[in-house]
Amino acid sequence: MSNTSDFISNLASKLGRPTPTEPPPQVELSVPQYRLSNTEERVSIFMQNWQALGGKGAIVRSADETLQCLKAWFGEQPITWFKENSQALLAWDTLPTIAESAFSSLNWPLTRYSQSAFDPRDRYSIAANAELGITGSDWGISLSGTVVVKSDPLRGRAISLLPPRHLSFIESTQIQDNLFNVLEEVAALGSPPAAIEMISGPSRTSDIEMDLSIGVHGPIEVYVIVIDH
Amino acid sequence: MTMYNQTTDERVDKALANSFLRQATRRATDRLRNNKYKAADELGNWEEWRAAGEAIRKNVISNLDYYLNQLIEQMEKRGVHVHLAKTPADAVTVVRNIVREHNAKNVLKSKSMISEEIHLNHALEEDGVEVVETDLGEYIIQIASEPPSHIIVPAMHKTRQQVADLFEPIAGHALSSDTPTLTRFVRTQMREKFLRGDIGITGCNFAVASTGSIVMVTNEGNGRMVSTLPRVQITLMGMERIVPSFRELDILLNLLARSATGQRLSSYTTILTPPKNTADPDGPEEYHLVILDHNRSEILGDKLFRSSLNCIRCGACFNVCPVYRQLGGHAYGSVYSGPIGSVITPLLEKDWKKWGHLPYFSSLCGACSEACPVRIPLHDLLVKLRMRKTQSGHTPQVERQIFKAYRYFFTREKTLRRALRLGARLQWPFVRNQRITGGPPPLSNWTNSRTLPMVAPKPFMQLWADLKNKR
Ligand code: SF4
């Protein structure tokens, strides 16, 4: 095994000069980026692209519209789920206010992932047995129909991963034109969180005879609710 | 892995005789290539993106020492264990030791070409560890004990029936070969394994030097599982897989997703800045980064081939290569196949005897260079590799004899004239439709599958002389 300075100085010698002490000059980047003019347009393109990937989506303005939307999507299913599993709906510790009040009006109790069990493995089992994982999103990307989620002690990465369905709430103003803008925001964080997940549609594979198949590992159904104040 | 023991000719014959493989490879590469065209066209200015991609990669490679050092510093600052492996054997030892230290029995892997390069699974299995490939394609070839046949779609060569046959002994009952049944089976099968994995091993698409972050791209979500659930995570990366900062990452992620599968972004793009925050409810507590050299530093020092380190492993060059499209990946015999595999394998492995055939797995049509999102001049590198091989004295005896004879005749004008006259007379038994179609060895090596132009009744030298006389 090599130590760092030997390893690095070997590379410097291969490059025929000492290792620079200053950061190398940045590469000029002048690719024309995808741009939209306003939030309304961003939301609409984001929604089109999200749906084209197989996700379901809705735009809401109030807790009541959220409730109607949840009812339309899930109907009486949660009642059946709860009969088998009281922890069928698994969520972040805090969701946007609109979401919290819609779930409580529907009387669909949410299990908070981070507090669901002491041992991580038990939490994973709870997540794997849940029917719907509910999260917020920090950003969205119009061009690719993507939601972007940061990790945090009050959140949990498995919620958007292990249950067969994932529902995410996002503020309309958080939807960006393109990946570059989102990465600029990430860079502005200074030190990024342990994980940033960019999710574009359900889990998919074409590994068997190039035949597209959904849900080989991650969620099979993905939903997004855009909150437009 | 039987195919490693076969000769090149045996592997090629086998591929040519397998009509499913050839048809499937063509169908899949057509699809991937056409998807890529669409995704590239959509950007409207693909050439500018390619130029930017090339500039970023060149900058990284020509400052690799600086960026790698920065990455290591950032990682170590947060308590990541960084291991620098000179050779594949070193990398295997590192991983083996970590697995032993934790007394781990279940290791989950998401796709990593480095793990194929260092033949990791075999070593871990020898230690009695269960290694599970969690990418569907990798899982299929793991059960079949075969190397990947494509860098993006590793089980491209398998029929659905073959997949069902491979899964059946594990399922313990008959399985129908439709895709939903097969994927459902894998989902159930893997779930249980994900939940009890001790250590997760992942690859790395890009490592962001400025923050010490690892970027991983998958469509299935297995990469997320492997980097979220086990308590300990190991990431394997080739030392060139760096991007300076998030600023440049945008370009490379766009080029990668669009060139590999024609997506705007893969289903899951994960940026890990490990280890987890102590209060996070999931994610690895302990994180190891293994950085592999394996003669990449030699390539770095070799100006002729340095640009091969710019590769972002998108597979676009495979999908347009007429040789790859006829033969699939296994005929190459190497872990990395396709045009980029033909370039880097001889350089990484430094074994002309074993890998000297690879630079010739190309028609030099240049389609690969045109497809490459970071503009690596692949066909040019293949020609230079042929030169290297010749200079190193590893060309076959027959080839050397032929070139000796060539030099002999072409440096003696009179002898050449005589030989041409003789050739023009002797060729007749072998000529059909104005082409030479047969002959004694070594000529027959060529004429068995192709024809040659006839020796002209009046050679060029004579024509030239006649012309001069006329003036
Ligand atoms: S050489 Fe270029 S086209 Fe081929 S895999 Fe690498 S980046 Fe892609």
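The values are calculated or read from the model by the stated rules, or taken from the named source; none is laboratory data. Quantities reported herein were computed from a predicted structural model and do not represent experimental measurements. Neighbour counts are summed over all protein chains in view; Cβ atoms, including those assigned to glycine, are modelled from backbone coordinates with ideal geometry. Heads up: the accessible areas ignore ligands, DNA and RNA and are worked out on the full protein's heavy atoms, side chains in. Shrake-Rupley method; radii C 1.70, N 1.55, O 1.52, S 1.80 Å.
Out of A:ALA128, A:ALA195, A:ALA63, any idea which swings most in a Gaussian network model of chain A, alpha carbons joined below 10 Å? So, out of A:ALA128, A:ALA195, A:ALA63, the one fluctuating most is A:ALA195.
Cut-off 10 angstrom, C-alpha nodes, Gaussian network model of chain A. Which of A:PRO109, A:PRO192, A:PRO32 fluctuates the most? Comparing A:PRO109, A:PRO192, A:PRO32 in a Gaussian network model of chain A, the most mobile one is A:PRO32.
Dipole magnitude for the protein assembly as shown: about 4740 debye, using +1 per Lys or Arg Cβ and -1 per Asp or Glu Cβ, origin at the Cα centre. Peptide B:243-249 has a mean of 5 when you count, residue by residue, the C-beta atoms of other protein chains within 10 Å of its C-beta. Between the C-alpha center of region B:10-77 and that of region A:18-53 there is a gap of 20 Å. Have a look at the DSSP beta bridges in chain A and tell me what percent are antiparallel, nearest 5. Once the DSSP bridges in chain A are tallied, antiparallel ones form about 30 percent. Look at the dipole of the protein assembly as shown built from charges on Cβ: of B:ALA367, A:ALA127, B:TYR336, the Cα furthest out on the positive end belongs to B:ALA367.
For region B:316-416, the share of accessible area belonging to carbon and sulfur comes to 57 percent (1.4 Å probe, ligands and nucleic acids excluded).
The convex hull built on the alpha-carbon positions of the protein assembly as shown has an orientation-averaged projected area of 36.7 nm².
Report the charge-dipole magnitude of region B:411-470 in Debye, nearest 20, computed about the Cα centre from +1 at each Lys and Arg Cβ and -1 at each Asp and Glu Cβ. Each step should come with its number before you reach the end.
Details: 12 positive and 2 negative charges, 39 e Å.
Taking the Cα centre of region B:411-470 as origin, the dipole is about 180 debye.
Here the Karplus relation 6.51 cos²θ - 1.76 cosθ + 1.60, evaluated at θ = phi - 60°, turns the backbone of region B:439-450 into coupling constants of x, x, x, x, 4, 5, 3, 7, 6, 4, 10, 9 Hz, with x for every Gly and Pro.
Think of region B:411-470 as having a plus end and a minus end, set by charges on the Cβ of Lys, Arg, Asp and Glu; of B:LEU463, B:TRP446, B:GLN434, B:LEU463 sits farthest toward the positive end of this dipole. Rolling a 1.4 Å probe over the heavy atoms of the protein chains gives region A:35-227 an accessible area of 37 Å² per residue. Using only alpha-carbon positions in region B:175-256, the gyration tensor eigenvalues give semi-axes of 30, 17, 9 Å once each is multiplied by 5 and square-rooted (largest first). Per-residue ellipticity at 222 nm from helix content only, as computed over chain B with -39500 (n - 2.57) for each DSSP H run of at least four residues, stands at -15500 deg cm²/dmol. If you look at the Cα atoms of region B:50-296, you get an Rg and a Dmax of 18.0, 56 Å. Building the convex hull from the alpha-carbon atoms of region B:6-82 and averaging its projection over directions returns 10.0 nm².
Note that region B:214-253 presents 10 Å² accessible area per residue, ligands and nucleic acids not counted, probe 1.4 Å.
Among beta bridges identified by DSSP and lying wholly in chain B, the antiparallel ones come to about 30 percent. Note on B:SER213: accessible area approximately 0 square angstrom, rounded to 10, probe 1.4 Å, nucleic acids and ligands left out.
Under 1.5 on a/c is rounded, so check that first for region A:35-227, then, if it is not, pick prolate when a/b is larger than b/c and oblate when it is not; a ≥ b ≥ c are the square roots of the alpha carbon gyration tensor eigenvalues. It comes out rounded by the Cα gyration axes. On a 22 Å Cα-Cα criterion, which of the cross-link pairs B:LYS303/B:LYS389; B:LYS58/B:LYS384; A:LYS56/B:LYS109; B:LYS354/B:LYS389; B:LYS303/B:LYS384; B:LYS77/B:LYS109 come out too long? From B:LYS303/B:LYS389; B:LYS58/B:LYS384; A:LYS56/B:LYS109; B:LYS354/B:LYS389; B:LYS303/B:LYS384; B:LYS77/B:LYS109, over 22 Å: A:LYS56/B:LYS109; B:LYS77/B:LYS109. The interface between chain B and chain A buries about 7600 Å² of solvent-accessible area in total (1.4 Å probe, ligands and nucleic acids excluded). Summing Cβ point charges (Lys, Arg +1; Asp, Glu -1) relative to the Cα centre of region B:50-296 gives a dipole of roughly 640 debye. Computed over all pairs of different Cα atoms, the Kirkwood value for the hydrodynamic radius of region B:411-470 is 12.8 Å.
Out of all DSSP beta bridges in the protein assembly as shown, what portion is antiparallel? Express it as a percent rounded to 5.
Of the beta bridges lying entirely in the protein assembly as shown, close to 35 percent run antiparallel.
Inter-part distance, region A:72-127 to region B:406-426, computed on C-alpha centroids, equals 87 Å. Evaluating 6.51 cos²θ - 1.76 cosθ + 1.60 at θ = phi - 60° for every residue in region B:401-413, the Karplus couplings come out as 4, 4, 5, 5, 4, 4, 4, 4, 6, 7, 9, 10, 4 Hz, glycine and proline recorded as x.
Rounded to the nearest whole Hz, the Karplus-based 3J(HN,Hα) values (6.51 cos²θ - 1.76 cosθ + 1.60, θ = phi - 60°) of region A:91-98 follow the sequence 9, 4, 4, 9, 10, x, 3, 4, with x at glycine and proline.
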